[in-house]
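What follows is one structure encoded as structure tokens, with my remarks underneath.
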């Protein structure tokens, strides 16, 4: 338990570092953000008033202190363009991104674990080489191109799936958790559920492909490593069937590593969500980030990046700690 | 297995060499000026699909510009951004990793904390953030990708140096009176070359895909410079009428990145199999 406490305390300077880096970003911008908002016609009086209102006339460290002290109580200010509290905008969009990331994770698991395991068991066969080759293709595919091609073929040419949004126009889902899949099931709205699944399929495949490729390779090498262990040889010597050996002895041990890697790859999903949500006009926080950048809403951009950074860091920390609890041999 | 490794290196090397030749000899290879607009032959299908303009092998875009020529010129940006970023990020990452690993203690702690902060951001997101605030431009994109990428080198080199500095040849050099920086530069760093080469190869693939992603999002290089990512982004609006506007630039990115990943895979298996767990 001491290690976990130490790890949490050790996270504080990193979180402060993240916030300082994000804070500095705003000051990297060429030109004055106030001038960008007010335009060239603004009078010096107006500029000075807005600068004072935003606290931009204070020394840098004072500004940082104000930024941090407001952030810890959840006050991130208002979006310059949308006029609403930044935190409200983020939480409105967050469920969509969580739903997309979860579905992508599921797609990645369903593809990678069977292929990776079978490749390892059939090492150096045609299947293994094909699996490794497909994984390499998966890593090399730009996800925005994959998304566009899926839209073109599955959405446009064959008209199989909807190409944008979260749900069909006209279908209402009563918000409980704001996760459409969960809410539609809770309210027994199966039409809504089916529509949400259809809207999620292409973005989830787009986002999950690269992850599936990475996890396939890791599953393969992890299974190969476990297959070399003495306890597997012992299980064979005892005369256990190959199916039992794979299920009970190999997969159970190999999957510890795979689960950890899946957890650590959540960051990659956040990375990809920005692009995938843009391609599919999917209303999550990745899409919000690109919108905020395109309208030069620096305040919203800054908070979104801080949000992404903190979420990524905290998820990694939790996965590390979970790993330690599952496997006490690991010392962080 | 040995033959497969060399096969990967060979195929990957040929693709990378193709990119380099395309980039360097673009004016000789491109059949047209990539900026030349011929509005009367806009959105022409590729010549082999029966397009009216027989000379446009991969068709034309919405302004009548030749797609093949733009792809050939687009390779210049991928090559320039890819190579420069990999070299600069490599220099920064190797320096910090070497110093942290060799001198340890406080230096290692400080570098470790900085590394942790940079690792706290998903890689592309940090680049998107930097580009959002720095603005479009080739130099800005190199800076943004370099800032987001040096960490990988730093981690690998630090790990290597930590183990190398305990080896006998380092102890011998020190016993002969060699200074720390001399030992580090002359005896330790050359031994990290294999790992750094492998990291650099994979980094090049990631940087090329990231540059294309940033250009696709409109955050990359200015719109008038042809890049594969911006071609894809422009082509999206005409996807149903002219799918070749998105298919061919995407193929160019995919083949390049696939080739470099193949090269990296082969090099890793030949030069440094233990990196398999880290990359």
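Bear in mind these aren't lab numbers, they're just calculated from the coordinates by the rules spelled out. Keep in mind the model is a prediction, meaning the values are calculated, not measured. All Cβ positions, glycine included, derive from the backbone under ideal geometry; neighbour counts span all protein chains shown.
General observations
- The angle separating the long axis of helix B:123-134 from the principal Cα axis of greatest extent in chain B is about 70 degrees.
- Three-way shape label, the stretch A:158-217, alpha-carbon gyration tensor, a/c 1.5: oblate
- For the stretch A:92-326, the relative contact order works out to 29 percent when only alpha carbon pairs closer than 8 Å and six or more residues apart are counted.
- Relative contact order of the stretch B:126-279: 24 percent, from C-alpha pairs under 8 Å at least 6 residues apart in sequence.
- Remark: mean inter-chain Cβ contacts per residue of B:207-217 equal 4, using a 10 Å Cβ-Cβ cutoff to other protein chain atoms.
- The eigenvalues of the Cα gyration tensor, multiplied by 5 and square-rooted, give chain B an equivalent ellipsoid with semi-axes of 43, 20, 14 Å from largest to smallest.
- Part-to-part distance (alpha-carbon centres) for the stretch A:57-108 and the stretch B:136-196, which is given in Å: 38 Å
- Once the Cα gyration tensor of chain A is diagonalised, semi-axes √(5λ) in Å: 43, 27, 18
- Max mean-square fluctuation residue, GNM over chain A, Cα-Cα springs under 10 Å, options A:237, A:120, A:210: A:237
- Peptide B:129-138 is shielded by partner chain Cβ atoms: per residue, an average of 5 of them sit within 10 Å of its Cβ.
- Among A:227, A:103, A:35, the largest mean-square fluctuation in a Gaussian network model of chain A (Cα springs under 10 Å) belongs to A:35.
- Separation between Cα centres of the stretch B:38-112 and the stretch A:188-223, rounded to whole Å: 29 Å
- The relative contact order of chain B comes to 25 percent, based on Cα pairs under 8 Å that sit 6 or more residues apart.
- Separation of the residue A:27 and residue B:91 label points, Cα + 7 Å toward Cβ, nm: 2.6 nm
- Average beta carbon contacts from partner chains per residue of A:290-299, 10 Å cutoff: 2
- The C-alpha atoms of chain A define a longest principal axis, and helix A:126-140 lies at about 0 degrees to it.
- Fully extended contour minus Cα-Cα distance, from residue B:197 to residue B:105, at 0.36 nm per residue: 30.4 nm
- Projected label distance in nm at residue A:75 and residue A:176, using a 7 Å step from Cα toward the beta-carbon: 3.6 nm
- Cα shape, the stretch B:1-158, gyration tensor, a/c 1.5 rule: prolate
- Each residue of the stretch A:2-72 gets 88 Å³ once the volume of the Cα convex hull is shared out per residue.
- With the highest mean first, a sort of the peptides A:140-148, B:82-90, A:258-266 on other beta-carbon atoms found within 10 angstrom per residue produces A:140-148, B:82-90, A:258-266.
- Mean-position separation - Cα centroids, the stretch A:117-134 and the stretch A:161-180, in angstrom: 39 Å
- From most to least packed by mean Cβ count within 10 Å, the peptides A:280-288, A:169-177 give A:280-288, A:169-177.
- Against chain B, whose longest principal axis is taken from its Cα atoms, helix B:138-164 shows a tilt of about 30°.
- Tail weight of P(r) past 41 Å, computed on alpha-carbon pairs of the protein assembly as shown, percent: 30 percent
- Of A:84, A:46, A:225, the residue with the greatest mean-square motion in the GNM of chain A, using alpha carbon springs below 10 Å, is A:46.
- Semi-axis lengths (Å, descending) of the ellipsoid that matches the C-alpha gyration tensor of the stretch A:200-323: 41, 16, 8
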